[in-house]
Amino acid sequence: MPVINSVAAMKDEVASWRHELHQNPQTAYEEEYISAFIAKKLTEWKIPFKKGIAKTGIVATIEGQKTDSGKALALRADIDALDITEKTNLPYASKNKGKMHACGHDGHTSILLGTAKYLAAGRNFNGKVHLIFQPAEEGGAGAVKMIEEGLFRDFPADAVYGLHNWPWLETGKIATRKGPLMASSDEIEIVVKGKGGHAAMPHMTVDPIVAASHIVVALQSIVSRNLDPVDQGVVTIANFEAGTGAHNIIGDTAKLVGTVRAFKPETRAFIMKRIEEIASQVAGAFQAEACVTVSAGGYDPTVNTDNEVDIAVAAAADVVGAQNVIADIPPCMTAEDFGAYLTQRPGAFIFVGQGVPGDPQSRHNHGLHSPYYDFNDDLLPIGTSWFAKLVESHMPLEK
Ligand SMILES: [Zn+2]
Ligand SMILES: [Zn+2]
């Protein structure tokens, strides 16, 4: 595989960082261990950096042998783990009870550190590279927080790139697409207020369960009846909490909690508006009231820009061969807060295959966020080579 030779030679070293980080997972804005690890490595390699951006975030800057091109790129890794109890029994499994790097962000961080070491050793480019180590991707909107704290003001960049390991894609393949790659994500809560009472005297009550049930059913019509059939969206009520536990009491309230996904900002806003209308009017029809709240910290859709996808695809083809690059993978309804960067700068996000479909028993086939998930270290040189080639092709030393 034509990964960069010196990057391939670093694989064991990068994997050892990955395993150490895997053993020490922490979640949103508490990623002290990994943040200190990154700072230690950057110091060792004499790479200047600013820490404490969005609490545990770090941005490092590497200058090329020349900088007169005036160009600059931003490369991003996420550093946080999840509230999951690991069940892999790996020798380097999590030492922090109830916390696990089950989305492979330990791998992404190691890839970006490998990129830092490689780029700083050669500086074979004309311009600057900003390496973003971002906290709180898994809820917590770390990308937005870094932007609010001046990320692109203090570290101006022409474009921003990122990657995610993808268990549903074969190792050795890379996939992306122009336009929307991943959806927006918003958490909604609908509280339906009725009037409780004796279950055998329903006429004396306003039953919130009946009203909420009709709301759940009516919400299904947003995607099926209100949305343009060629557009895409999801409205899922994932939780329905009601009742007191007793079989003979009608409670006062019912609570619905769910998620909304869309690829376009206007679709996202339209779905929210319809949820409000349906919830309040259906509740009203049953003499109840509904209050809809949308949690702060929803994620923007991840919308790649065409030119940067072309650059990302060319760099990917250099690393894994053109036949292994899928440039038009269908978009997916999961969300990623990388989308926030793409509202500020052009850029591209890619999926790097980590599955082994030829071996159904392979640990690397477990999905993201599974307690059995196991990052595939074969990705480390692929991801590092891709980042490095982006830099060297966007900002070549020789014209
Ligand atoms: Zn995740
Ligand atoms: Zn992730």
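The values are calculated or read from the model by the stated rules, or taken from the named source; none is laboratory data. Note that the structure is a prediction, hence the values are computed from the model and not measured. In this analysis, Cβ positions are derived from the backbone assuming ideal geometry, glycine residues included, and neighbour counts consider all displayed protein chains.
Have a look at 316, 322 and point out the one that is of a type in the set (Gly, Ala, Ser) and in contact (Cβ under 8 Å) with a residue 24 or more places away in the chain.
Every option except 316 fails the conditions.
Regarding region 344-356, can at least one residue be identified that is over 18 Å from the mean Cα position of the chain (by Cα) and away from ligand 2 (no atom under 16 Å from the Cβ)? Within region 344-356 (the criterion being over 18 Å from the mean Cα position of the chain (by Cα) and away from ligand 2 (no atom under 16 Å from the Cβ)), the answer is yes, since at least one residue qualifies. Can you tell me how many residues in region 367-399 are surrounded by fewer than 22 Cβ atoms within 10 Å (Cβ to Cβ), farther than 16 Å from residue 22 by Cα and under 18 Å from the mean Cα position of the chain (by Cα)? Total satisfying the criteria: 1.
Looking at 371, 346, 331, which is the one that is in contact (Cβ under 8 Å) with a residue 12 or more places away in the chain and under 20 Å from residue 185 (Cβ atoms)?
Values: 371 fails: under 20 Å from residue 185 (Cβ atoms); 346 fails: under 20 Å from residue 185 (Cβ atoms).
It is 331.
Against the conditions (1) closer than 25 Å to residue 147 by Cα; (2) away from ligand 1 (no atom under 16 Å from the Cβ), residue 89 satisfies every one except (1). Going residue by residue through region 32-44, is there one that turns out to be assigned by TED's automatic domain parsing to the domain that holds residue 346 and assigned to a loop (DSSP other than H, G, I, E, B)? Within region 32-44 (the criterion being assigned by TED's automatic domain parsing to the domain that holds residue 346 and assigned to a loop (DSSP other than H, G, I, E, B)), the answer is no, since none of the residues qualifies.
In this structure, does residue 374 turn out to be farther than 30 Å from residue 260 by Cβ, part of a loop (DSSP other than H, G, I, E, B) and within 16 Å of ligand 1 (Cβ to nearest atom)?
Working: farther than 30 Å from residue 260 by Cβ: yes; part of a loop (DSSP other than H, G, I, E, B): yes; within 16 Å of ligand 1 (Cβ to nearest atom): yes.
Considered against the rule, which asks whether it is farther than 30 Å from residue 260 by Cβ, part of a loop (DSSP other than H, G, I, E, B) and within 16 Å of ligand 1 (Cβ to nearest atom), residue 374 comes out as yes.
Residues of region 242-293 that are part of a strand (DSSP E or B) and within 25 Å of the chain's Cα centre (by Cα): 256, 257, 258, 259, 260, 261, 262, 293. Does residue 72 fit the bill of being within 16 Å of ligand 1 (Cβ to nearest atom), assigned by TED's automatic domain parsing to the domain that holds residue 49 and either modelled with pLDDT under 95 or over 19 Å from residue 300 (Cβ atoms) (or both)? Spelling it out, it is not the case that residue 72 is within 16 Å of ligand 1 (Cβ to nearest atom), assigned by TED's automatic domain parsing to the domain that holds residue 49 and either modelled with pLDDT under 95 or over 19 Å from residue 300 (Cβ atoms) (or both).
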